[in-house]
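Just below is one structure, and these are the notes that go with it.
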Amino acid sequence: MSPLASLGAGTDELRAAFEHGRVCALAAQGQRDLQRCLADHPGLFAAGPFDAALASSVALAMAFSAPWSEAADLRLTNRFVLWGFALDWQVDHETGSAAALDLLVRRQLAVADGAPAGPDDPLGRYLAELRAELAAVPAFATLGGAWRDAVDRTLTAMRREWHWRTAASGAGLPGLDGYLANADNLACTVVNVAHWIRTGGPEAHARLDLLVAASDAVQRALRLVNDLGTYDRDLRWGDLNALMLVEDRSVVERELADQTRRAMALVEEVRPHVPREAAYLTRQLGHTSGFYRSTDFWGVA
């Protein structure tokens, strides 16, 4: 029982601070686990971009998205977020040719299908660890295909953006609509699917397709939240950004408002059936939107 349970009126701020402290403790446990994960895979996680602040930021994001959780509930989710960052780094900064990128994609898909990773594939070995833990969840027997499809979509989207970025003289760059249709490169829904397989109940599992649709809408909004917050870094790193595809920042800001409204409409449709999962998506969108107002997940490369 909370030590504040017996207090009378006038304690709203104290109760709120108590709850914030509990969520921060949940994040601290997640951060310690992620730092162990970083240390266990030194060949995968470069010390610059994968710093302690990234581990802290990931753990905080998931703790505030699912504050009702225990640390064990978020351990695998946090580690899947780290896989998304590692994949993004490999594609954007370690892959020098289309052939190398195709090999990376084939290896990741094979591991997602249950194949062992090769000795020269640290990213595949890490994904194999995560898949093995997820596959041990009973719901994976019926829902594992949905996770594998999400992995495929993420890899396809990252490969597509790589080709956009590396095309000579910017040839073939998408418009804003095409860019948003490729939002799986953010690796948000793929994490959410794993999270719901691991933590969701029967109602969430029965409605996973509707949750994926809502997550995809949130992911599109978050793609723009990310771009508005990281434009300067994307310029330095040579990454693609929505602001590079339009002449006026206000176009992206208006699109973000529209995408947020659409996302929340879908979230509200599922809320009566899966209120916790709807709250998770709502809090994920809100937390990330606030986070990117002043900082970024990545450390200094």
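The values are calculated or read from the model by the stated rules, or taken from the named source; none is laboratory data. Bear in mind that the values here come from a model prediction, so they are computed numbers and not experimental data. Backbone-built Cβ (ideal geometry, glycine too); neighbour counts: all protein chains shown.
Of note:
- Here S169 clears all of (1) modelled with pLDDT under 95; (2) closer than 15 Å to D88 by Cβ; (3) hydroxyl-bearing (S, T, Y) except the condition numbered (2).
- Residue within region 108-126 that is at pLDDT 95 or above, in a helix (DSSP H, G or I), touching an Asp or Glu at 6+ places or on another chain (Cβ under 8 Å) and under 23 Å from W298 (Cα atoms) present: no
- Count of residues meeting criterion [surrounded by 13 or more Cβ atoms within 10 Å (Cβ to Cβ) and part of a helix (DSSP H, G or I)] in region 127-139: 8
- Every residue from region 197-219 that is over 17 Å from H287 (Cβ atoms) and either charged (D, E, K, R) or touching a Lys or Arg at 6+ places or on another chain (Cβ under 6 Å) (or both): R198, E203, R207, D209, D216
- Here A217 meets the list (1) of a type in the set (A, V, I, L, M, F, W, C); (2) in a helix (DSSP H, G or I); (3) more than 15 Å from the chain's Cα centre (by Cα) almost entirely, failing just condition (3).
- Selection of region 266-301 for residues being of a type in the set (A, V, I, L, M), assigned to a helix (DSSP H, G or I) and in contact (Cβ under 8 Å) with a residue 40 or more places away in the chain yields L266, V267, V270, A278, L281, L285.
- Of the numbered criteria (1) in a loop (DSSP other than H, G, I, E, B); (2) in contact (Cβ under 8 Å) with a residue 60 or more places away in the chain, the one L210 fails is (1).
- Selection status of F80, touching a residue at least 24 places away in the same chain (Cβ under 8 Å), buried (at least 20 other Cβ atoms within 10 Å of the Cβ) and outside any helix (DSSP H, G or I): no
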